[in-house]
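In what follows, a single structure is set out as structure tokens and then discussed.
Taken together, the values in this text are just the output of simple stated rules run on the coordinates, not laboratory data. Every value quoted in this text rests on a predicted model; they were computed, and no experiment measured them. Don't worry about glycine lacking a Cβ; one is built from the backbone with ideal geometry, like all the others, and counts go over all protein chains shown.
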Amino acid sequence: MRNKLLMGGAAALLCVGLFAMPSYAEDTKPPRPTAAEMQKFAKDRCAEQAARVAGGLAYLEARLKPSAAQLPLWNKWRDATLANAKTAEQACLERPLPASGKDGAPTIVERRAFMQKMLTLKLDSMKASQPALEALYQSLDADQKEILNRFGDFEMRSPFGRGPRAEHSGVLKGSSRMMMDDEAPDGPDAPPPAE
């Protein structure tokens, strides 16, 4: 008797569950964002990248602790880098977006034209700030150079974490550990095997 009650209850729950589920014929996709929502998202994303560059510079300055003699060189490179980030933010806002109610994304031609524009802008920015970076680098001591070598590529990253990342440099050194491997000081070489 108990098994029949359990089977009947399970069947009833199954039937209720099937009828409560939405029909597969119904369109259950969320509504497409409006043009205003997409513009706001794009504006936030572009501002995020510029903010990351400014934050990276503040972090790097705190780590480098430039001396009074190095400070003018640091300021020159920092100002050039911030200006480049602001220019990139303005160019980012020109990304082609689908029109409101349009069913698809920008065409491949539009996307590639925008990508070429952004890559050209990035290359021009790097060329413009390179002399200031080289002058700053030559003024640094060995410890400061190591810090700049490790953490100075933040401006080369594209939004959402793509690009060179210092925290994975242990992988490039052939380490078996994946992250933060070069935090530990290098020890002496292993002794030769005993014979």
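For the cross-link pairs K43/K86; K40/K117; K86/K127, which exceed 19 Å when the distance is taken from alpha carbon to alpha carbon? Walk me through the numbers on the way to the answer.
Working: K43/K86 13 Å; K40/K117 22 Å; K86/K127 16 Å.
Violating the 19 Å limit, Cα to Cα: K40/K117.
Cut-off is 10 Å between beta-carbons; in what order do I108, I147 appear when sorted fewest neighbours first?
Values: I108 8, I147 15.
Ordered by Cβ neighbours within 10 Å, fewest first: I108, I147.
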Q: Report Rg (one decimal) and Dmax (nearest whole number) for segment 35-155, counting Cα atoms only, units Å.
A: 17.7, 58
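What net charge do the residues around L140 carry, taking every other residue with its C-beta under 13 Å from that of L140, with Lys and Arg at +1 and Asp and Glu at -1?
Details: positive: R63, K65, K145, R150; negative: E61, E134, D141, D143, E146.
So the environment of L140 carries a net charge of -1.
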(Q) Which of E155, E146, E89 has the fewest other C-beta atoms within 10 Å, and how do the rest follow up to the most? (A) E146, E89, E155
(Q) Give me the net charge for the shell around C92: Cβ to Cβ below 12 angstrom, other residues only, Lys and Arg +1, Asp and Glu -1. (A) +2
**Q.** Kirkwood hydrodynamic radius (C-alpha pairs) into Stokes-Einstein, segment 51-94, 25 °C and 0.890 mPa s, D in µm²/s
**A.** 219
